[in-house]
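The values are calculated or read from the model by the stated rules, or taken from the named source; none is laboratory data. This one's a predicted model, so the numbers in the text were calculated from it and none came from an experiment. Note: ideal-geometry Cβ built from the backbone for every residue, glycine included; neighbour counts use all protein chains shown. Each accessible area value is taken on the protein alone, full model and side chains, heavy atoms only, with ligands, DNA and RNA left out. Shrake-Rupley method; radii C 1.70, N 1.55, O 1.52, S 1.80 Å.
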Amino acid sequence: MKPLLNDKGVIARYREFLPFTDSTPVVSLSEGSTPLIHSPKLSEKTGAEVYLKYEGLNPTGSFKDRGMTVAISKAVEDGAHTVICASTGNTSAAAAAYATRADIQCVVILPAGKIAIGKLAQAYVYGAKVVAIRGNFDDALRIVREFGGVEGVGIVNSINPYRIEGQKTASFEIIEDLGDAPDIHILPVGNAGNITAYWKGYREFQNLGLSTRLPKMVGFQAAGSAPLFLGHPVENPDTIATAIRIGNPASWDGAKNAVSESGGCIDIVTDTEILDAQAWLAGNEGIFVEPASAASVAGLMKCFSNARCATCPFGAGIRPGAKVVLTVTGHGLKDTEAPVKHGGFQPLEADATLDSVRSVLDKS
Ligand code: AN7
């Protein structure tokens, strides 16, 4: 039988831009190459040309797979028998899947009671050891850092630079799809690894002459978990968007640099704006993303409303026709409780006859 070709995935596509040698093993689930979907209704609403980078279509349902394929491959190369991470849910899902793929152990440290059920299920079914701590994500990451010196144990949070290396490939894909970098890139910010990675990717392709410009980087935090916006750590972060319920981001400096070097900003959206944007996107564009991801969409809408912040880097606003890319970071199916409750959904009830079904439909 012919060996399976490993010709898909972030490492296969972008190996020359990653810290790989010929002997680095490749642990991949064919992640990346996600669609950049034009959004006619967001474009119409804003006058900009809006695209969604739909990262929920990665193998474990979030952008974390891009960084994890690189981090786990390097961990295997370095002889790790176990990887460990703190997580609000998506990092742990990705770490568990890629560790299993590599035949190594995975330990995940999670804030008890604050992980969406779909993500928790992923950690279990992919075979991780799950430890729920009485504390928040920031406590979990502190504990993981304390594992740093243990022989054979690799940390796969985004404090591991290989995670950032993998995640920067999303910028490469966007440049290749659009033919150049967009004018503005909007994304949700939690631990701030992703905004750091995107900025790195955009700069690298520009330095290589593969794009001619750099986008302004605009990050949105949840109003109850907004340390970067406030300029200081938040001790008890809270938001319905549990993925970004983070009070002391590890890549604080990376986010600050991305924003100041690009001329962008960090702003906030409320939980209600997040849930409204999530429902709007699903109901208008047929794209279901998790609450944290909807922060991008809520943010774009805010940029075009009167609530736009006084220090808006775009002055009078984003110019008509500007190319705007929103990263929607995770799939909506990971966390269905909040949107179902928010929507107050109830089926129409009918007897099991055509007449009864037609009659309730007519009345609705
Ligand atoms: C869907 O899984 O931190 O600013 O532990 O899951 O790079 O942290 C998740 C973060 C946005 C924020 N959208 O990205 C974790 C974790 C979703 C996320 C973010 C996360 P960063």
task: Within region 98-110, count every residue that is surrounded by fewer than 22 Cβ atoms within 10 Å (Cβ to Cβ) and either near the ligand (Cβ under 10 Å from one of its atoms) or part of a helix (DSSP H, G or I) (or both).
output: 2
Test for A95: is it more than 30 Å from V297 (Cβ to Cβ), open to solvent by less than 10 Å² (accessible area, probe 1.4 Å), outside any strand (DSSP E or B) and touching a helix residue (DSSP H, G or I) at 6+ places or on another chain (Cβ under 8 Å): no
- line: Just one listed residue, out of A86, A94, is within 11 Å of the ligand (Cβ to nearest atom) and closer than 19 Å to V26 by Cβ, and it is A94
Flag if I318 is open to solvent by less than 30 Å² (accessible area, probe 1.4 Å), away from the ligand (no atom under 13 Å from the Cβ) and at pLDDT below 95: yes
task: Being acidic (D, E) and within 11 Å of the ligand (Cβ to nearest atom) is the filter here, so list the residues in region 127-165 that pass it.
output: D138
- prompt: Looking at region 44-55, is at least one residue crowded, with 24+ Cβ neighbours inside 10 Å, touching a Gly at 6+ places or on another chain (Cβ under 8 Å) and part of a strand (DSSP E or B)?
  reply: no
field: helices (runs of 4 or more DSSP H) wholly inside region 183-301 that include at least 3 residues being of a type in the set (D, E)
entry: 271-285
query: Would you call S211 within 26 Å of I318 (Cα to Cα), away from the ligand (no atom under 12 Å from the Cβ), buried (at least 23 other Cβ atoms within 10 Å of the Cβ) and free of Cβ contacts under 8 Å to residues at least 60 places away in the same chain?
result: yes
query: Which of the following residues is surrounded by 19 or more Cβ atoms within 10 Å (Cβ to Cβ), among the basic types (K, R), more than 18 Å from the chain's Cα centre (by Cα) and outside any loop (DSSP other than H, G, I, E, B): K74, K119?
result: K74
query: Quick check: is even one residue across region 321-341 among the basic types (K, R), farther than 21 Å from K114 by Cα and at pLDDT 95 or above?
result: yes
Residue count for region 249-277, restricted to those that are open to solvent by less than 20 Å² (accessible area, probe 1.4 Å) and without any contact (Cβ under 8 Å) to a residue 40 or more places away in the chain: 1
query: So is W280 open to solvent by 10 Å² or more (accessible area, probe 1.4 Å), within 12 Å of the ligand (Cβ to nearest atom) and among the hydrophobic types (A, V, I, L, M, F, W, C) or not?
result: no
message: Give me the residue from region 226-248 that is under 18 Å from I186 (Cα atoms) and open to solvent by less than 60 Å² (accessible area, probe 1.4 Å) and, out of that set, nearest to the ligand (Cβ to nearest atom).
response: A243
